[in-house]
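**Student:** Starting off with a structure, shown below.
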Amino acid sequence: MKIIFRDFKNNIVKLKVDSSDDLWYLSEIIEEGDHIYGTAERSVKKEEHQKAIRKKISVKLLIDKKDFKGTVLRVLGKIIEGPMGIGKGHQSINIKEGDLIKIEKKWGEYSKKILEESETKSEPVFLGVIEDGVLDFGILKKKLEYLGSVKKSLPPKSKSEFDSIVNSFYSEAAKKIEESVKKDQKAIIGGHRFCLERLKKYLKKDLVFVDVSSTGKTGLNEIIKRGYVERVIGEDRLGKEAETVEKLLEEISKNRRYAYGFDEVKKAVEMNSIEKFMITDKKVKDSKMSGNFKKINDMMRKISSKKGDIMIIKSSEEPGEKLDGLGGIGAILRFKIN
């Protein structure tokens, strides 16, 4: 998610949907009673006798409900502002990848955390594409920034020196990659399988290797278009969530520093004992329906103020399923309270 502007004091955030994953984050942020500025399609007649045509309009809606279908987030609400002649009826906006929207809402701790996670997913990723004699590389931030290349002129394969020069190139390419990739930064290298296998022999860092058919800047863009970046970031997030939930289960099995279930976690929050807090999106939805969401929000605000880590986990994935088995909410503690 690209955050264009944020002003929590005045309850305003403007953003751009960079990927379909961002729609899940938005579906968690947007609530009934929020105001959304966006682009919608509406049947419009210029004259009474003319046939209505579909036209794109910019509107501000007071949200009544939402419906998330994976590739489209549909929000429905009452028109608060719109072009002259549109009226104040109801309108839907289908939010999808690439859309710009503005949200006006009371930003609680939960929605702020979701917004923060949507940005974290967009941390810079190192990309490289390699073939015999040429490595092209860049950084993917909000867009791809091409950084340069490593090149070596190769003799014909029939020449006796071919293998030694090729090996020298791959050694130089590996050195350049390792110098460029920062600590804990994600890196994806694309190319044909035999080129990647050669490169691996000279690399010490743990990188992700993917098959691409193109080279140069086109190859770098192919890595993005094929969804490799989103997959790597998603797997990293899932891995961290799985590790944290497994750590909670270990603490429970050994009767050490843990809390799970609303009452236990609430007690730990009051004692300032939370080191890592985790909650599933299903638990959040249930709390909204039961009227307990404000209590969850207050807990998260206090945890955040005491520098505790907060993790929101999807119930549709394995770590979330395990956490839901514990009531959908749990924590690893700084000290034992039971």
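No lab work stands behind these numbers, since they all come straight from the coordinates. Treat the numbers as computed from the prediction; the structure is a model and nothing was measured. Virtual Cβ from ideal backbone geometry, glycine too; neighbours counted across all protein chains shown.
**Student:** In degrees, nearest 10, range 0 to 90: what is the angle between the Cα axis of helix 228-253 and the longest Cα principal axis of the chain?
**Tutor:** Computed tilt is about 70 degrees.
**Student:** So, with +1 on the Cβ of K and R and -1 on the Cβ of D and E, and no other charges, what is the size of the charge dipole of the chain about its Cα centre, to the nearest 20 debye?
**Tutor:** Charge dipole of the chain: 840 debye, to the nearest 20.
**Student:** Indicate the gyration tensor shape class of the range 241-333 (rounded, prolate or oblate), computed on the Cα atoms with a ≥ b ≥ c the square roots of the eigenvalues: a/c under 1.5 is rounded; otherwise a/b larger than b/c is prolate and the rest oblate.
**Tutor:** Because a/c hits 1.5 or more and a/b fails to exceed b/c, the range 241-333 counts as oblate.
**Student:** Where the Cα atoms of the range 2-105 are projected onto their three principal axes, how long is each span, largest first, in whole Å?
**Tutor:** 45, 29, 23
**Student:** Across the range 125-226, how large is the tail of the calculated P(r) beyond 19 Å, expressed as a percent of all Cα pairs?
**Tutor:** Across the range 125-226, Cα pairs with separations above 19 Å total 38 percent.
**Student:** While we're looking at this one, here's another question. Pairs K60/K266; K66/K112; K267/K288: which are spaced more than 28 Å apart, C-alpha to C-alpha?
**Tutor:** Listed pairs above 28 Å: K60/K266.
**Student:** Roughly what angle does helix 109-120 make with the longest principal axis of the chain, taking Cα atoms, 0 to 90 degrees, to the nearest 10?
**Tutor:** For 109-120 against the chain, the angle is about 20 degrees.
**Student:** Then there is this: Scattering from the C-alpha atoms of the range 176-281 alone, worked out with Debye: what is log10 I(q)/I(0) at q = 0.10, 0.12, 0.16, 0.23 1/Å?
**Tutor:** Per q value, in the given order, log10 I(q)/I(0) is -0.50, -0.63, -0.80, -1.28.
**Student:** Give the Rg/Rh ratio for the chain, taking Rg as the radius of gyration of the Cα atoms and Rh as the Kirkwood radius, to two decimals.
**Tutor:** That ratio is 1.08, to two decimals.
**Student:** Residue by residue, what Karplus-based ³J(HN,Hα) values in Hz, rounded to whole numbers, does the range 126-134 have, using 6.51, -1.76 and 1.60 with θ = phi - 60° and x for Gly and Pro?
**Tutor:** 7, 10, x, 10, 10, 9, 4, x, 9
**Student:** Right, here's the next one. Connecting C-alpha atoms closer than 10 Å in a GNM of the chain, tell me which of S153, S27, S92 has the biggest fluctuation.
**Tutor:** S153
**Student:** What do you get for the angle between helix 216-225 and the principal long axis of the chain? Use alpha-carbon atoms, 0 to 90 degrees, nearest ten.
**Tutor:** With rounding to tens, the tilt is 30 degrees.
**Student:** Using DSSP, restrict attention to beta bridges with both residues in the range 125-226 and report what percent are antiparallel, rounded to the nearest 5.
**Tutor:** Here the antiparallel bridges make up roughly 60 percent for the range 125-226.
**Student:** Name the residue farthest towards the positive end of the dipole of the chain from the options F162, I177, I29, assuming +1 on Cβ of Lys and Arg, -1 on Cβ of Asp and Glu, about the Cα centre.
**Tutor:** I29
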